[in-house]
Every structure is written in C-alpha cells, then in structure tokens.
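The numbers here are math on the coordinates, done by the rules we state, and not lab data. Note that this is a predicted model, so its numbers are computed, not measured. For neighbour counting, all protein chains shown are included, and Cβ atoms are generated from backbone atoms with ideal geometry for every residue, glycine included.
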Amino acid sequence: MADNMEKPIEIKCTAEKGASVPVYKTDGAAGADICAFIQQPVTLAAGTSALIPTGLCFAIPQGYEIQVRPRSGLAAKNGITVLNTPGTIDSDYRGEIKIILINLGRDPFVVHNGDRIAQIVVAPVIRGNFVPADILEETVRGTGGFGSTGVGVSA
C-alpha cells in the first residue's frame, strides 16, 4: 500500500501470545482479515449466534472508525455472517474486539482458533450537525421507502 493511504492503528493483544494481527490478503483489499482467538472451538448451530473474541484491542485515531464486515467466502459457502453488519468500533473504545457471528446456513459451523472470521475496514467519520427544521426540501422520491422505487430487474 502507498504510504499516503495508510493510517497507523495501534494494536494491543489481550493475551500474552497467539492473537493474530489483522492482515490485508492482497494489495487491493479494502478489508483486513481478523481472526478468532478462542481456547476451545465454538459450534454455531443453524440459526444461532455467538460472540467470538479476537484477543485484540485497538487505539483508533479520533475521526476514524473500524467497520466490521462479513467475509464473503464464509457467507457464500457456509451462511456465516456478522450479525450487526457493518459493526462500528468507535475511536474511544479500548476493549477487546469481539465479532458477533451468526449461522444462517442449514448445517452447524465450527469456529476454530485462528480462523479468519470477519474483515475490518478503517474509515473516516464525518459527524453530523443535526439542526431542527419545520420543513424539509422536497425531492422526487419524497417519503417513499421500503421498495417504493421498485423491486426486481429494470426494463
């Protein structure tokens, strides 16, 4: 990665050894893989979720967040995804990162220590200045939501 594209993020392991530092698997990857750091395998039965420790704490600079996202291969092949996706890790949080995995597949899925379970993306944050208003500017869409623009293939 080019130096001007990198943001230093300090990492502390909650345990003496064994937690894996997140890794970008390709030069073009937006997300870095983050791994499970567990003493015993965790079995996710179909339809269940679990909080999976990573053994890592981050010092995220103010003005940034880390977004936690599913790994596409786990989702496509096993129905494993991140429950609150994208999850946000705020810059002032210093506790251990834990990933909420859910099994939306039909078969049990076993998470082992060191498995790549999610990906994290470092992103800038713009805070809104919420200003009360009596009237909002009109748009073509207006108040239409939840499929109001159509469902399916466009002609």
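The figures follow:
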| read-out | value |
| --- | --- |
| For region 55-128: relative contact order, % (alpha-carbon pairs under 8 angstrom, 6 or more apart) | 44 |
| Value of [θ]222 nm, deg cm²/dmol, for the chain, DSSP H segments ≥ 4, -39500 (n - 2.57) each, nearest 500 | -1000 deg cm²/dmol |
| Extension gain, ILE126 back to MET5 (0.36 nm per residue minus Cα-Cα distance, nm) | 41.7 nm |
| Gain in span if fully extended, ASP27 to VAL151, counting 0.36 nm per residue against the direct Cα distance | 41.0 nm |
| Anchor LYS77: aspartates and glutamates whose Cα lies under 12 Å away (excluding residues fewer than 8 positions away in-chain) | ASP107 |
| Gyration tensor (Cα) of the chain, equivalent ellipsoid semi-axes in angstrom | 32, 24, 16 |
| Per-peptide average of other Cβ atoms within 10 Å, ordering 63-74, 84-95 highest first | 63-74, 84-95 |
